[in-house]
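Report on one structure; see the data block that follows.
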Amino acid sequence: MSKNRSWLKKSIETVLLPELERRGYTPAPVKPEEKRGEIGAAFPFGRLRRSGPRGLEMVEIQLDKHGGAAFRLNLGIAPIQGVTGLLVAHILQQDVRVHYLDRSWELLKYPRLWKWFSVWRWPGTPKTKADYDELVTKVVALLPEVEALFREGKGGAHLREVNRTQ
């Protein structure tokens, strides 16, 4: 694992995860059989979820699956009755992942450009642990957009809707 990715993961663990837990989300860790595969690499923090008025509100912190030091938040609401998928008959609410939903959202640095959160520096300028702490702190400052989405159904400036039915 690169030093930058390691710093990013540590910043997420010490800054973002505690804030999400403070807001009522509980972690659902990655299953042991998923840890060594693509799911474990992209979603090392598992899923975070809490009960909401419209269903189970889910936040997934997705890291760049190719090992880069970048991330985004995948957001969705799992209905109480669960979901029915194309390849499986039925998925219980507690087993739903954001990408199983017909409608979900991504919290991104620049949604129109599909740009994930990452630290940018001029070439040759080294990145530091403090850069990653600052990046994750800025993402924490965007959590009111997530709250508004889940409570009022309103999108924010950093949210991109994903509609799989179109």
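Of the residues making up the stretch 15-48, those that are touching a residue at least 60 places away in the same chain (Cβ under 8 Å) and within 15 Å of residue 136 (Cα to Cα) number 4. Pairing each residue of the stretch 49-70 that is closer than 15 Å to residue 103 by Cα with any residue that is of a type in the set (S, T, N, Q) and modelled with pLDDT of 95 or more, provided the two are 6+ apart or on different chains, yields C-beta distances under 8 Å for 57/51; 58/74; 59/74; 60/74. I'm checking my understanding of the structure. Among residues of the stretch 147-166 that are among the basic types (Lys, Arg) and part of a loop (DSSP other than H, G, I, E, B), which one is farthest from residue 22 (Cα to Cα)? Filtering first and then ranking leaves 164.
Looking only at residues in the stretch 2-18 that are surrounded by fewer than 18 Cβ atoms within 10 Å (Cβ to Cβ) and basic (Lys, Arg), the one that is nearest to residue 49 (Cα to Cα) is 10.
Do we find a residue being closer than 19 Å to residue 160 by Cβ and over 16 Å from the mean Cα position of the chain (by Cα) anywhere in the stretch 107-126? The answer is yes, given that some residue of the stretch 107-126 is closer than 19 Å to residue 160 by Cβ and over 16 Å from the mean Cα position of the chain (by Cα).
Let's see how each residue does on (1) modelled with pLDDT under 90; (2) closer than 23 Å to residue 48 by Cβ:
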residue: 86; (1), (2): yes, no
residue: 89; (1), (2): yes, no
residue: 98; (1), (2): no, yes
residue: 101; (1), (2): no, yes
residue: 104; (1), (2): no, yes
residue: 110; (1), (2): no, no
residue: 123; (1), (2): no, no
residue: 128; (1), (2): no, no
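Would a scan of the stretch 90-99 turn up a residue that is under 17 Å from the mean Cα position of the chain (by Cα), surrounded by 18 or more Cβ atoms within 10 Å (Cβ to Cβ) and not in a loop (DSSP other than H, G, I, E, B)? Scanning the stretch 90-99 turns up at least one residue that is under 17 Å from the mean Cα position of the chain (by Cα), surrounded by 18 or more Cβ atoms within 10 Å (Cβ to Cβ) and not in a loop (DSSP other than H, G, I, E, B).
Within the stretch 110-146, the residues that satisfy the criterion of being among the hydroxyl-bearing types (Ser, Thr, Tyr) and either part of a strand (DSSP E or B) or exposed (fewer than 10 other Cβ atoms within 10 Å of the Cβ) (or both) are 110, 118, 125. Scanning the stretch 102-144 for residues that are among the small types (Gly, Ala, Ser) and either touching a Phe, Trp or Tyr at 6+ places or on another chain (Cβ under 8 Å) or within 17 Å of residue 158 (Cα to Cα) (or both) turns up 104, 118, 141. Residues of the stretch 31-55 that are aliphatic (A, V, I, L, M) and surrounded by fewer than 19 Cβ atoms within 10 Å (Cβ to Cβ): 39, 41, 42.
The values are calculated or read from the model by the stated rules, or taken from the named source; none is laboratory data. For clarity, every value in this text was computed on a predicted model and none was experimentally measured. Backbone-built Cβ (ideal geometry, glycine too); neighbour counts: all protein chains shown.
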